[in-house]
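Here is the structure we will look at, set down as structure tokens.
The values are calculated or read from the model by the stated rules, or taken from the named source; none is laboratory data. Every value quoted in this text rests on a predicted model; they were computed, and no experiment measured them. Cβ: placed from backbone, ideal geometry, glycine included. Neighbour counts: every protein chain shown. Note: areas computed on protein heavy atoms with side chains; ligands, DNA, RNA excluded. Shrake-Rupley method; radii C 1.70, N 1.55, O 1.52, S 1.80 Å.
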Amino acid sequence: MPRENMTEWDNELYQKVDRYNLVPNLEQCLQCGKCTGNCPVAAMHPSYNPRQIVHDILAGDSDRILQSEEIWRCMWCANCYRVCPVDIHYPLLMMQLRYLALENGYGLKYVTPINKYAYRAFTGGLTFIPGQRGVDKIKGLREGIGVEPWPKVSEKAIAEYGAIFEQTGAVDWMKALDEVQAKGEEKPVKLSFMGGRLIDERYDTE
Amino acid sequence: MSAMTQNRVVKAHERIPEIPEKIFLFRSCTGSMEYPGTEHCVEFVLKKLGIEIIKDADQSCCSGYILTCSGYPAEPSLAVTARNLGMVEQRYGLDTYTFCNGCFGYNTELKHILDHHPEYKKMANDLIGQWGYHYEGNSHVYHVQELWYLLLDRIKEMVVRPLTGLRIASHYGCHYLAQQYGILDEGDLPTFHEEIYEALGATPVFFKERRMCCAYAVGRGFTHPENVVQPHLARKFDSAKEEGVELMTTTCPGCNVALDREQPKLAKRGFGPYDIPVIDIGQLIALALGAPIEEIGFNANSTPVEPVLKKLGFLND
Ligand code: SF4
Ligand code: SF4
């Protein structure tokens, strides 16, 4: 494993990550590790360590963290946040850290497949509308219990929902990621915290 | 920052001081598509309790799920939340009740951001103003499970199909329990679902990993691949199996998808096998209160519920 290059560290990493100013108290982190002790992902994958991720963001270890595969393992269950003695909202930190990774070309493969459903929500007003066969099945189930075959979502709701995404620039942001991927410019992620650790292989072969 | 001084747990009657006569019921995308019986049963129970339900086809998806996968920036979700909650405030002056921990957690979290960051509230209001909406922030977001608990005495009186002897365990769901402040019960050792089971005549079962995340929380199979999700779930189900759990309930259609639909897939990876049916707690209450079985929607489940119904002798009535 290559050593980090000190000259590539980024003193403004924390400010860049917390772009929405949603985790203003990160510097109060005690490095107590309660987050890690309560994290179900860390329980299975010792290389995933929320305490260490907070540390690296504050230290500015930009190189390591943006290309990290581990940051895509968080399940957003918020158990870290629930037990944090200083109320650090780790899930909102993780959401924003992933934005920065994506914009630097990392981890797109974890996000662009979901966005197929976001695009569909702009025309159907519901998230996770399946394909035609799935839709038929849902209609059958709904009629079977005596409710209308499809949930009532107005044209107005759908149009306004889509317009909000257009007008906030969200659609452009998503399309830009699609383009990076289409051009083959997505950068590979790698396990970043593995040095010297033993892990159960069953859990880590993709 | 007042982490150590602020109460994290609120008594049920303090959280909802007055039982509402009328509520706004927030549609869940996953609920209405994956398990349509959930919404139907929630409405059945609310009607039995004499609570009037308002729904509105102009409500959109809460937009939270894909946001938490970092699938798009936060601005649209802030505006979507302001639009939905603002619409409910303006048109009905009611509080919003969800029947999905996702809708509950995301609406609560995004509302919190809107209420504490004037710049985001203004951004959202400027945007939704073009359609005549305005978000003030003078209503609350609740989950219907909170009503079930508050009205437990009334529910108990109305039980016509007691679930005698059924060993039920709860999955509360992180996006309810991990809310830092203002939830009904202690995040580490909640018991209000177990109290509901007892009121319905069933036997509550505690298992070691009962607090463990469903693993669907964010982008199952997207942001975190199967090799993260499946061993995690196997641990949960092994622990439930050990305690002889016969049925598990959820308060979130998302959790229900993970826990129900993943069981057959776990066997293929060499875990299990498991056959613990997973249903919404609203469906469970509707069952005990006598809802017609075919209207509860158990046929949407991947891990069959029929064995439990047979055991209880409910399949022939
Ligand atoms: S629990 Fe909170 S204070 Fe402790 S290490 Fe984690 S983030 Fe830092
Ligand atoms: S939100 Fe992520 S880091 Fe926090 S406990 Fe859950 S999986 Fe671990």
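Interface residues of the range A:25-45, defined as those with an accessible-area decrease of at least 10 Å² between the chain by itself and the complete set of protein chains (probe 1.4 Å), are A:25, A:28, A:40, A:43, A:44, A:45. Extension gain for the segment residue B:156 to residue B:315, taken as residue separation times 0.36 nm less the Cα-Cα distance, is 55.0 nm to one decimal.
Ligands, DNA and RNA left out, the 1.4 Å accessible surface of the range A:108-183 is 54% carbon and sulfur atoms. Among the protein heavy atoms, those of residue A:74 account for about 10 Å² of accessible surface (1.4 Å probe, every chain in place). Only Cα pairs under 8 Å and at least 6 apart count here; give the relative contact order of chain A as a rounded whole percent. It rounds to 25 percent for chain A.
Full extension of the chain between residue A:25 and residue A:43 gives 3.9 nm of extra length, using 0.36 nm per residue less the Cα-Cα distance.
Remark: accessible area buried at the A-B interface is about 6300 Å², both chains counted, probe radius 1.4 Å.
For chain B, the longest principal axis of the Cα atoms and the long axis of helix B:36-48 meet at an angle of about 80 degrees. Excluding ligands, DNA and RNA, the accessible surface per residue across the range B:3-144 is 35 Å² with a 1.4 Å probe. Under the criterion of Cα pairs below 8 Å and six or more residues apart, the relative contact order for the range B:153-312 equals 27 percent. Computed with every protein chain present, the accessible area of residue B:95 is close to 50 Å² [probe 1.4 Å].
The apolar share of the surface of the range B:3-144, taken as the fraction of accessible area on carbon and sulfur atoms (1.4 Å probe, ligands and nucleic acids excluded), comes to 50 percent. Taking the longest Cα principal axis of chain B as reference, the axis of helix B:74-92 is set at about 90 degrees.
All other residues whose Cβ lies under 12 angstrom from that of residue B:64 are scored, Lys and Arg at +1 and Asp and Glu at -1, for a net of 0. Solvent-accessible area of residue B:13, all protein chains in place: 110 Å² (probe radius 1.4 Å, heavy atoms, ligands and nucleic acids excluded).
Carbon-plus-sulfur accessible fraction, the range B:153-312 (probe radius 1.4 Å, protein heavy atoms only): 51%. Residues of the range B:17-53 that bury at least 20 Å² of accessible area once all protein chains are present, compared with their chain alone (1.4 Å probe, heavy atoms only, ligands and nucleic acids left out), are B:27, B:29, B:32, B:33, B:36, B:40. Let me know the shape class of the range A:108-183, please: from the alpha-carbon gyration tensor, a ≥ b ≥ c as square roots of the eigenvalues, rounded when a/c is under 1.5, otherwise prolate if a/b is greater than b/c, or oblate. Cα axes put the range A:108-183 in the oblate bin. Between the Cα long axis of helix A:50-59 and the first principal axis of chain A there is an angle of about 70°, rounded to the nearest 10.
The smallest convex shape that holds all Cα atoms of the range B:153-312, its convex hull, gives 112 Å³ per residue. Using a ≥ b ≥ c from the Cα gyration tensor of the range B:74-233 (square roots of the eigenvalues), is it rounded, prolate or oblate, where a/c under 1.5 gives rounded and otherwise the larger of a/b and b/c decides, a/b for prolate? Cα axes put the range B:74-233 in the oblate bin.
More than 27 Å apart: what percent of Cα pairs in the range B:14-161 qualify? The answer is 23 percent, as a whole percent. Largest to smallest in accessible area, the residues B:27, A:64, B:154 fall in the order B:154, A:64, B:27 (1.4 Å probe, all protein chains included). Would the protein assembly as shown count as rounded, prolate or oblate if I go by the C-alpha gyration tensor, calling it rounded below 1.5 in a/c and otherwise prolate when a/b exceeds b/c, oblate otherwise? In terms of gyration-tensor shape, prolate. Ranked by solvent-accessible area (1.4 Å probe, protein heavy atoms only, all chains present), the residues B:247, A:30 order from largest to smallest as A:30, B:247. Remark: the residue B:138-residue B:164 segment gains 5.1 nm on full extension, using 0.36 nm per residue and subtracting the alpha carbon distance. A 1.4 Å probe run over chain A, with the rest of the protein chains in place, finds 45 Å² accessible per residue.
Which one of B:158, B:87, B:33 has the biggest mean-square fluctuation once chain B is modelled by GNM with Cα springs under 10 Å? Maximum fluctuation in the GNM of chain B, among the listed residues, is at B:33.
Entry note, chain A: the mean residue ellipticity at 222 nm calculated from DSSP H runs of n ≥ 4, each adding -39500 (n - 2.57), is -14500 deg cm²/dmol after division by the residues and rounding to the nearest 500.
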